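One structure below.
The values are calculated or read from the model by the stated rules, or taken from the named source; none is laboratory data. All figures in this text were calculated on a predicted structure; none of them were measured in a lab. Positions of Cβ are backbone-derived with ideal geometry, glycine not excepted, and every protein chain shown enters the neighbour counts.
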Amino acid sequence: MDADMTDQTSTETNAVASKTGPAGLVGASTEPGSKKSDPIIVADKITRTFGGLTAVDVDHVEIQRGAITALIGPNGAGKTTFFNLLTGFDQPNTGSWSLEGKSLKGVAPYKVARLGMVRTFQLTKVLAKLTVIENMRLGATGQKGERFWAAPFKFLWGKQEDEVTKKADDLLARFLLDKKREDFAGSLSGGQRKLLEMARALMVDPEVVMLDEPMAGVNPALKQSLLGHVKSLRDEGRTVLFVEHDMDMVRDISDWVIVMAQGKIVAEGTADSVMADQRVIDAYLGAHHDTDLSELDEEVLEAEVEAELEGDIVQEEDSK
């Protein structure tokens, strides 16, 4: 193959990748549990039951390195439970999962973070009675001053703490929280707490960042800022896996979408292909069997809810 043809092929591949995400996802199968060209997370036969309820039953899933992958599904689909299992906050009944080929079975959450996979929570876990900068410092690992015998002797850890503080300040500036540096974390708005939690997660230079409903409770003024930060994580070469109900966000930033329903993975693919998938429509909407999920905007759904409520009121009046 001559140089001109090679350049043309490369250009075409990059053009497709720019529309569908990293080149490693171009042409990937859209069947549930499909193989990826360069998976950073692989999970097999993961199940989690609570009494007689099976919350998670994932046969196989792979997360592509360097991509933004959205995990979506109706309430109760098992998304957050699956997050908890991957990050060590809960243990499955069966199954195995790995990060960069290293098994995470039985690994404590703090060790998972040290291996390069960090997460945020739907309900933020900032320490309200500590300042913003103190919360940031807690995100750093391997601090010599944490050791009991070394704590009284600042000359042993002072230089390292200065380096940690410098890194924290740089991240606060990046997330536009530098002016809140000395404020108590409890005084921040919900959106600012989300930003703080994301910034703190980056203190360990993770390979994988997992975000559980990053837009939940965030006002519109901060949503665009959060979206930009998530995209920048991918631009830096990090892998992002996030749970989200905001379909506009999923369309805007995701390279790949995985859909869960009743604990199982029922579909995966690009945002457009997934939202037109009958299995996804059934999982989300049930009765809307012939409707493209992307066409069901908020106004239509609100109108249908109002119509149903009016029908209920009429029925109640007729029964009197």
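Tabulated data
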| quantity | calculated |
| --- | --- |
| Search result, residues across the range 204-225 that are of a type in the set (Gly, Ala, Ser) and farther than 21 Å from Asp170 by Cα | Ala216, Gly217, Ala221 |
| Residues being part of a strand (DSSP E or B) and either modelled with pLDDT under 95 or over 19 Å from Glu100 (Cβ atoms) (or both) - total across the range 40-57 | 10 |
| Given (1) without any contact (Cβ under 8 Å) to a residue 60 or more places away in the chain; (2) within 18 Å of Asp212 (Cβ to Cβ), number of the condition Ile63 does not satisfy | (1) |
| Those residues of the range 92-108 which are surrounded by fewer than 16 Cβ atoms within 10 Å (Cβ to Cβ), of a type outside the set (Asp, Glu) and over 13 Å from Lys45 (Cα atoms), in sequence order | Gly101, Lys102, Ser103, Gly106, Ala108 |
| Helices (runs of 4 or more DSSP H) within the range 248-320 that include 1 or more residues modelled with pLDDT of 50 or more and assigned by TED's automatic domain parsing to the domain that holds Pro214 | 271-275, 278-285 |
| Per-region count, the range 223-242, residues among the acidic types (Asp, Glu) and part of a helix (DSSP H, G or I) | 1 |
| Unmet criterion (only one of (1) farther than 20 Å from Thr80 by Cα; (2) crowded, with 16+ Cβ neighbours inside 10 Å; (3) within 14 Å of the chain's Cα centre (by Cα)) for Asp212 | (1) |
| Count of residues meeting criterion [over 14 Å from Thr54 (Cα atoms) and either polar (S, T, N, Q) or outside any loop (DSSP other than H, G, I, E, B) (or both)] in the range 79-94 | 4 |
